[in-house]
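The values are calculated or read from the model by the stated rules, or taken from the named source; none is laboratory data. For clarity, every value in this text was computed on a predicted model and none was experimentally measured. We place every Cβ from the backbone using ideal geometry, glycine too, and count neighbours over all the protein chains shown.
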Amino acid sequence: MFEGLSEKLSGIFDALTRRGSLSEEDVNVALREVRRALLEADVALDVVRSFVDKVRSRAVGANVIKSVTPGQMVVKIVNDVLIETLGAEAEPINLDAAPPVAIMVIGLQGAGKTTTTAKIAKRLSERMKRKVLMASLDVKRPAAQEQLAVLGRQIGVETLPVIAGQTPVQIAVRAEQAARLQGFDVVLLDTAGRTHIDEALMQEMAEIKAASKPHEILLVADSLTGQDAVNLAKSFDGRVGITGIVLTRVDGDGRGGAALSMRAVTGKPIKLLGAGEKMDALEDFHPSRIANRILGMGDIVSLVEKAAESIDAEKAQRIADRMRKGKFDLEDLSEQLAQVEKIGGLGGIMGMLPGMAKIKDQLAAANLDDRIIKRQRAIISSMTRQERRNPDILKASRKKRIASGSGVKVEDVNKLLKQHRQMADMMKSLGGAKRGGGALGKMA
Ligand code: GDP
Ligand code: MG
């Protein structure tokens, strides 16, 4: 999967990365080609549109970091938008419930449900050390229950003994009881499919769901069917409700459209990929790794990330230098607050320090949270440049204007100014001390 798309995209960006500078026309030409490549990969039209729009709006407004080329910036932006389109974060199977946790596996006939059920069972028992029971609810195909039992013996996972003549719902109920009595952590319910969606199938899935109250309902869909897989996911989600998707046959020569459109169209995460018939051929779905596989430009992406980091380091250094010289105006304060926000706010900083959990709670109780940082930055951004550089000129009428501009009370503006003054004074005295004179030095 993704080979064709990957090849096309890299051709487009190869041309860009070689350039010294980049015009809006260059971006537009590249985006036209990106659009064509995505459509050829069978990505849904709406998804292609919003993808291209996002890249364009970010590329046009972007500050190009010095030390990387504009073309490299565009690659990084495309990479970021790809990751967002794929769902940003990996979403593994969720077992966060009282055992036995039921996982229902649904989908069309031949999609790979039974195979996937066994693959998941193997992984949960081997990697996560869970005690797993599998049950086949497929009473349609004569050999279906036996197929799961064979796989179970092969991977060393128990299957629910078959009792002839039971309905899927009866089997589901029996599986739950067996799991409860015998202390299983997870029950995997492999269901029957049809060649296409019909009301009887949906009805059966809804009944099984009502009887077994699964914590996860995973739709297994064949990636080779492209947009059909996406439409299928939408219908199943609308009718039965799903919690995630497993895309199978990504080892085949599918064009990748299903993987790229799935999240955006259905709002549900792809959780796993089936990449072969073997029991180990199951992969986690990591948006950033998939983006790298599609774009194949991990080197450029990390280059731009490093450059962005060093810019932050430069900014911090500049503020430190100004502080040392005893200069610290409201622009510096705003810059500092922005840095605090970027690393995840006060909560983020506290969370990184061991033993800080308690203080974090106290901060929260004192209401000293990230909303305050946001508000303070809003106040500063409502000032003119002259005011930020020289807060002494802020008299009553200017404060009133700033307060209404940033939607706060004058008293909040005063609080901020007082805080800034204290910080600036402290820095001045520290800076003075460093130069050897200290507070006394200034008096002399
Ligand atoms: P079900 O009808 O949905 O239960 O589908 P099965 O699990 O019985 O699978 C149907 C066929 O697809 C079997 O031959 C599987 O070995 C094969 N299969 C399942 N998943 C994959 C996959 O990820 N890649 C490939 N190449 N074959 C798969
Ligand atoms: Mg099956």
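The table that follows gives values for the structure above.
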{"read-out": "Selection count, region 361-396, where residues are modelled with pLDDT of 55 or more and either in contact with a strand residue (DSSP E or B) (Cβ under 6 Å, 6 or more places away or on another chain) or in a helix (DSSP H, G or I) (or both)", "value": "23"}
{"read-out": "Among (1) under 30 Å from I208 (Cα atoms); (2) away from ligand 1 (no atom under 16 Å from the Cβ), the one test that V74 misses", "value": "(1)"}
{"read-out": "In region 216-242, residue farthest from A90 (Cα to Cα) [restricted to those that are part of a loop (DSSP other than H, G, I, E, B) and hydrophobic (A, V, I, L, M, F, W, C)]", "value": "V240"}
{"read-out": "The listed residue being more than 14 Å from ligand 1 (Cβ to nearest atom), in the same structural domain as D190 (by TED's automatic domain parsing) and more than 30 Å from A211 (Cα to Cα), out of R255, R318", "value": "R255"}
{"read-out": "When residues of region 89-116 are limited to those that are of a type in the set (A, V, I, L, M, F, W, C) and away from ligand 2 (no atom under 16 Å from the Cβ), the one farthest from F184 (Cα to Cα)", "value": "A90"}
{"read-out": "Selection count, region 316-339, where residues are modelled with pLDDT under 75 and in a helix (DSSP H, G or I)", "value": "6"}
{"read-out": "In region 39-58, residue modelled with the lowest pLDDT [restricted to those that are closer than 20 Å to V301 by Cα and surrounded by 16 or more Cβ atoms within 10 Å (Cβ to Cβ)]", "value": "R58"}
{"read-out": "Residue satisfying condition, being outside the structural domain of D42 (by TED's automatic domain parsing), in a strand (DSSP E or B), within 16 Å of ligand 1 (Cβ to nearest atom) and β-branched (V, I, T), within set I197, I245, I208", "value": "I245"}
{"read-out": "Only one of A135, A164, A143, A149 that is of a type in the set (A, V, I, L, M), within 16 Å of ligand 1 (Cβ to nearest atom), more than 22 Å from R249 (Cα to Cα) and at pLDDT below 95", "value": "A143"}
{"read-out": "Among (1) touching a Leu at 6+ places or on another chain (Cβ under 6 Å); (2) within 16 Å of ligand 2 (Cβ to nearest atom), the one test that E158 misses", "value": "(2)"}
{"read-out": "Of all residues in region 271-284 being within 13 Å of V246 (Cβ to Cβ) and within 13 Å of ligand 1 (Cβ to nearest atom), the one that is nearest to the chain's Cα centre (by Cα)", "value": "L272"}
{"read-out": "Subset of region 276-295 [touching a Phe, Trp or Tyr at 6+ places or on another chain (Cβ under 9 Å) and surrounded by fewer than 20 Cβ atoms within 10 Å (Cβ to Cβ)]", "value": "R293"}
{"read-out": "Cβ-Cβ under 8 Å pairs, at least 6 apart or on other chains, region 100-127 side over 15 Å from A229 (Cα atoms) and within 7 Å of ligand 1 (Cβ to nearest atom), far side acidic (D, E) and at pLDDT 95 or above", "value": "T114/D138; T114/D190; T115/E277"}
{"read-out": "Close pairs (6 angstrom Cβ cut-off, 6 or more residues apart or separate chains): under 22 Å from V186 (Cβ atoms) and without any contact (Cβ under 8 Å) to a residue 60 or more places away in the chain in region 131-142, within 12 Å of ligand 2 (Cβ to nearest atom) and in a loop (DSSP other than H, G, I, E, B) anywhere", "value": "D138/A192"}
